[in-house]
Amino acid sequence: MIEVSIVIPTKNEEKQIGTTLNHILNQSFPNFEVIVSDGKSEDNTKSVVESYISKFKKQGINLKFISTPKKGVSEGRNFGAETSKGKYIYFFDADVYPVKDFIKDTLTEFKQKRLSLATCKSKGSDSRLANKAYYQFINQSISLLQYTPYPAAAGYCIISSKSAFNKIGGFDPDIYLAEDVTYILRGRKKRLRFRLLNSQPIKVSNRRLNSEGTGVVLIKYILCSLFLVVRRRGPKRGFAEKLLKYDMGSGIYKKRGKLFEKILKKIKDITEV
């Protein structure tokens, strides 16, 4: 019986997914499968993933590429999880680089603490001071929030038992941003135990921070956090989509809504006074 299923939602990730798969292939934990759940990519994501199938098969690991009926990160995670066979699901982004013992160590801690949901600490893929400060802020925030009515987790790594996924009902596809935090909040509402794991951090690509700007990304998350406190869920599509412009895939994140530009300018004006 497969113990762990790794689910990776993708869209136009031909430049990133190979590196992530190489790190997963190097895991010391033997009993897992990998499901790349693709949201109608227009590049060579499928070809890159399929080129790794034989490499995984040689190590007794099943890697499969599936296409989701609808595009979107929540849809990708849900469709992948629904087809998974593992008792535990690791939801990874397509640009994370787990060390060799990542699954082995985090799963051991997950079981020891009798958790239903978890995330881990993160660190960036470069040493830029602004990016290092960003991850330090994110890690400290998640660490403090785990004991409150408003726990949070970042989508680059969410660990969930399959039974917890079924109880929660998966990720909400109507949520435009913070669908990951919303998933954890819905789990807390159902009294499912969640914690930040300390055994292993995960390295995350800084492509979004470097292309869109660390400060811009942080401001988006802060605005979203205010919404989460009021509504206990992330903002839905529509107004938030126009304001926040948080696109999935490809690694280029430069589009911003006009309203967000005005808010950003206002914040800059205030901080410069």
Among N166, N139, which is the only one that is surrounded by fewer than 20 Cβ atoms within 10 Å (Cβ to Cβ), at pLDDT 95 or above, under 17 Å from the mean Cα position of the chain (by Cα) and assigned to a helix (DSSP H, G or I)? N139
Residue pairs meeting the criteria (Cβ under 7 Å; at least 6 apart or on separate chains; first farther than 10 Å from I17 by Cβ, in the range 38-56; second assigned to a helix (DSSP H, G or I) and of a type in the set (A, V, I, L, M, F, W, C)): K55/L25; F56/L25
Does N22 satisfy the condition of being at pLDDT 95 or above, on the phi < 0 side of the Ramachandran plot, more than 16 Å from the chain's Cα centre (by Cα) and not in a loop (DSSP other than H, G, I, E, B)? yes
Single residue of I8, I2, I89 found to be surrounded by fewer than 20 Cβ atoms within 10 Å (Cβ to Cβ), in contact (Cβ under 8 Å) with a residue 60 or more places away in the chain and under 25 Å from Y183 (Cα atoms): I2
Give the residues of the range 174-212 that are surrounded by fewer than 17 Cβ atoms within 10 Å (Cβ to Cβ) and not in a helix (DSSP H, G or I), sorted by residue number. D174, K190, R191, R193, N198, S199
Residue hits (the range 142-155; outside any helix (DSSP H, G or I) and either touching a Leu at 6+ places or on another chain (Cβ under 9 Å) or free of Cβ contacts under 8 Å to residues at least 12 places away in the same chain (or both)) are Q146, Y147, T148, P149, Y150, P151, A152, A153
Could you tell me which residue of the range 104-129 is modelled with the highest pLDDT, considering only residues that are of a type in the set (A, V, I, L, M) and either more than 26 Å from Y147 (Cβ to Cβ) or surrounded by fewer than 20 Cβ atoms within 10 Å (Cβ to Cβ) (or both)? L115
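The values are calculated or read from the model by the stated rules, or taken from the named source; none is laboratory data. Please read these numbers as outputs of a predicted model, since none were measured by experiment. A quick note on method: Cβ atoms are made from the backbone with ideal geometry, for glycine too, and the neighbour counts reach across all protein chains shown.
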